[in-house]
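The values are calculated or read from the model by the stated rules, or taken from the named source; none is laboratory data. Note that the coordinates shown come from a computational prediction; the quantities given were computed from them, not determined experimentally. Positions of Cβ are generated from backbone atoms using ideal geometry, with glycine treated the same way; all protein chains shown enter the neighbour counts.
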Amino acid sequence: MSEQISNSKQTNNKQIAKNAMALYFRMIVMMLIGLYTSRVILNALGVTDYGIYNVVGGFVSMFSLVSSSLVSSVSRSLTFELGTGNKEKLKRTFSTSIYVLLGLSLILILLLEVVGVWYLNNKMVIPADRLYAANWCFQLSVITFVLGLINAPYSASIISHERMDVYAYFTIMDAIFKLVICYAVIHSPIDKLIMYGILLCFIHVVNQIIYVVFCKHHFEECRFKWIFDKTLFKSLFSFAGWNFIGCSAAVLRTQGATLLLNWAGGPVVNAANGVANSICNIVNNFVSNFTQAFNPQITKRYAAQEYESLMNLLIYGSKFSYFLLLLLALPIVFNAKFILELWLGIVPEHTVSFVRLIIVFMLAEAVSRPIITAKNATGEIKNYQIVVGGILLLMLPLSYIGIKMGLPVEIVPFCNAATACLAVFARMYMLRGDFPCWSSRIFVTKVLLNVALVTITSAVLPFLTYRHLEYGWQNFIITSVLSVICTCISILYIGCNEQERLMIMSKTKAMVISVYKKLIHKA
């Protein structure tokens, strides 16, 4: 029996590693295509039309605040039932979630068609001669948004079944389609902005059909039946309702920070914050793929009551989410100014300090992600959302007080980072009693103290080199290389136990041998 459990864990760990690789490949391809398509479509549409599409599409996306909490509830419920192995309940959950999302879609359509259309035509600053095209874009964006919402259970099923390879292929295919339509827009016989909206909507419809066909063919529960379970309906809405507080806190924190920075320093400071967020989000997306790979396993292990295995996965996930981000972030921390000058030419004031402080915020969030997933898996999130959401929103009054006291605008991202660090401890505390093996003391020892020690030892040598070398290419190259080398050594010999170290070295060796054999074969 113990041998079967061990083999099961080994299979799950291999699946996590495979999923992480698939999502990393997806991220790299999509980032490269995304950077290129943004440039092409900007040139094709022109600055004005590109701005119109983004502001109109962005307005529709604002309503995702209402839907995202419910979609998260659906995803969690499907993954949980997969973990319990109750196929009948899984089928009822899927069908009930379709009902719920259809109802929500009708409400959102009504809101968008009444409030949205009025706001678009009366309040948005859009040139009069482009208002007709803007209305076309709005309606097409509504169709795209609603279709994505209704089909959310299908994409959630792919992730819940841990078919990240399929998810990666579908999203890469979507990115390639968007690259193709860029060139179709350039040669469009009709209004280019309208054509762009039509083609994007068409691609979304095709993608959703592919998702539905694949899920119906591969997953038994993804065959919609006229089943409405009142108990499941209440459960979905209860979880979504309290999760809405967390989603709202995130939006208020982001938008509140933007308004505070605008009030304190004007558009120049907002530009600095925007640039800093852009560069940090690119780094953060790589780590998000790693966490997305093991999130389903956290929920499934909780549902199956494999508590010891769950605790080990939380420790492993939190540590390595942090380590992956640190590996990418440390060279940026030291060379933020050089990288920004190389990328932008002219760097807005405050951008460098904003980048560094946002990275601290992201490191705290990286440690927290597995805990968040574990807490969501329990379904008991009422007190959690109130406490953690409240702590994270503290950054707004603290930032306001700091600015009123005459502190520099850096106080805003500093307070954001500080409250994120405080939220780590709150999340740990809120998880107590949810499953037998959870121990805040063990988590502090094996994760928080561990990552703190790795960070300090990784940074010492690059910091001394950065301080003593002249600013320029030599400093950038040497400190970047040293940061990566020191971080890898610190992770291996301080951050990892012997078993983890042997596993990493074995996987790395196998990868190097595989690449070497392919190169020899080609030669």
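Does the range 157-186 hold any residues that are modelled with pLDDT under 80 and either of a type in the set (G, A, S) or not assigned by TED's automatic domain parsing to the domain that holds A44 (or both), and which are they?
Of everything in the range 157-186, those that are modelled with pLDDT under 80 and either of a type in the set (G, A, S) or not assigned by TED's automatic domain parsing to the domain that holds A44 (or both) turn out to be S160, A168, A175.
Please tell me if V412 is under 21 Å from the mean Cα position of the chain (by Cα) and in a helix (DSSP H, G or I).
Answer is no for this residue.
Taking the range 438-457, which residues are part of a helix (DSSP H, G or I), out of contact with any Lys or Arg (no Cβ under 8 Å at 6 or more places or on another chain) and among the hydroxyl-bearing types (S, T, Y)? Break it down stepwise before answering.
To start, the set of residues in the range 438-457 that are part of a helix (DSSP H, G or I) comprises 440-457.
After this cut, where a residue has to be out of contact with any Lys or Arg (no Cβ under 8 Å at 6 or more places or on another chain) as well, the list is 441-445, 448-449, 452-457.
Matches in the range 438-457: T445, T455, T457.
Which one is surrounded by the most Cβ atoms within 10 Å (Cβ to Cβ) among residues in the range 294-323 that are part of a helix (DSSP H, G or I) and among the small types (G, A, S)?
Our first condition is that a residue be part of a helix (DSSP H, G or I); within the range 294-323, this holds for 294-303, 307-323.
Okay, now just the ones that are also among the small types (G, A, S), so 303, 309, 317-318, 321.
Numbers: A303: 19, S309: 20, G317: 26, S318: 24, S321: 24.
Taking the candidates together, the pick is G317.
In the range 371-406, how many residues are closer than 20 Å to W242 by Cα, among the hydrophobic types (A, V, I, L, M, F, W, C), in contact (Cβ under 8 Å) with a residue 60 or more places away in the chain and in a helix (DSSP H, G or I)?
Residues in the range 371-406 being closer than 20 Å to W242 by Cα, among the hydrophobic types (A, V, I, L, M, F, W, C), in contact (Cβ under 8 Å) with a residue 60 or more places away in the chain and in a helix (DSSP H, G or I): 7 in total.
Name the one entry in A423, A417 that is part of a helix (DSSP H, G or I), closer than 27 Å to Q305 by Cα and assigned by TED's automatic domain parsing to the domain that holds L330.
Values: A417 fails: closer than 27 Å to Q305 by Cα.
That would be A423, the only listed residue that is part of a helix (DSSP H, G or I), closer than 27 Å to Q305 by Cα and assigned by TED's automatic domain parsing to the domain that holds L330.
What pairs come up if the first residue lies in the range 407-421 and is touching a residue at least 60 places away in the same chain (Cβ under 8 Å), the second is buried (at least 21 other Cβ atoms within 10 Å of the Cβ) and of a type in the set (S, T, Y), and their beta carbons are under 6 Å apart, counting only those six or more places apart or on different chains?
Partner pairs satisfying both residue conditions: V412/S399.
With (1) under 23 Å from L193 (Cα atoms); (2) of a type outside the set (S, T, Y); (3) at pLDDT 80 or above as the list, and V60 as the residue in question, which single condition is left unmet?
Condition not satisfied by V60: (3).
Just name the residue that is surrounded by the most Cβ atoms within 10 Å (Cβ to Cβ) out of those in the range 325-351 that are touching a helix residue (DSSP H, G or I) at 6+ places or on another chain (Cβ under 8 Å) and not in a helix (DSSP H, G or I). Before you say what the answer is, go through the steps one by one.
So in the range 325-351, the residues touching a helix residue (DSSP H, G or I) at 6+ places or on another chain (Cβ under 8 Å) come out as 325-340, 343-344, 347-351.
With not in a helix (DSSP H, G or I) added as a condition, the list becomes 347-350.
On the way: V347: 20, P348: 19, E349: 13, H350: 22.
Per the criteria, the residue is H350.
Could you tell me whether F435 is assigned to a loop (DSSP other than H, G, I, E, B), surrounded by 14 or more Cβ atoms within 10 Å (Cβ to Cβ) and not polar (S, T, N, Q)?
Answer is yes for this residue.
Sort out which residues of the range 171-202 are free of Cβ contacts under 8 Å to residues at least 40 places away in the same chain and within 23 Å of the chain's Cα centre (by Cα), and write them in order of number. Before the answer, list the steps.
Within the range 171-202, the first condition is being free of Cβ contacts under 8 Å to residues at least 40 places away in the same chain, and the residues that meet it are 173-174, 177, 180-181, 184, 187-190, 195, 199, 202.
Result: M173, D174, F177.
Take the residues of the range 446-479 that are among the hydroxyl-bearing types (S, T, Y) and more than 27 Å from the chain's Cα centre (by Cα): which is nearest to A364 (Cα to Cα)?
The qualifying residue nearest to A364 (Cα to Cα) is T457.
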